[in-house]
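Here's the structure, in structure tokens; my notes come after.
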Ligand SMILES: NC(=O)NC1=NC(=O)NC1=O
């Protein structure tokens, strides 16, 4: 998909295509649409991230709270978004053993209790061994640091999802 195609989209099509670049936050795509035309595909990504960075703390925490737990109840129930489903299965989280799943549930619960938002990590850049390790490590961080780290992970997920949508034109080969 090239930037001319993106710039030609009406509101409905743009939100249909880009509405889940940030998990369950179609508002972000809705807001970014009004900033078209985009000079290139990197510029489009920059607008997504600039919107996130400009949010008050409550807005950034809200984005994190829209993320389903890794290997959590939504995965068990089969109610993940298609993107999340692909990402979590790509990290091998679909077929964890009972002990692995229990350990992740316990770590996710401790993380949520400590920070007030779920643990977020770009699953496609991780795997079933690294996820619990990274969760345990980040559990020990200070809240301000953790919020920053988690938002970086949201952007990594968004970048990968944009790359899927935009195809080989992005990021610049
Ligand atoms: N809590 C999460 O990190 N969720 C997710 N990470 C991904 O890469 N996809 C998700 O849904």
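Here, each number is a calculation from the coordinates, and none is a lab measurement. Computed from a predicted structure; not experimentally measured. Ideal geometry is used to build each Cβ from the backbone, glycine not excepted, and the neighbour counts take in all protein chains shown.
Quick notes
- Per-peptide average of other Cβ atoms within 10 Å, ordering 116-122, 10-16, 91-97 highest first: 116-122, 91-97, 10-16
- Sorted ascending by nearby beta carbons within 10 Å, beginning with the fewest, 22, 3 become 3, 22.
- Ordering of 39-50, 133-144 by packing is 39-50, 133-144, highest average first (other Cβ atoms within 10 Å, averaged per residue).
- You can think of it this way: the chain between residue 136 and residue 4 has 43.1 nm of extra reach, that is 0.36 nm per residue less the Cα-Cα gap.
- Degrees separating the helix 143-166 axis from the principal Cα axis of the chain, which is the longest one: 50 degrees
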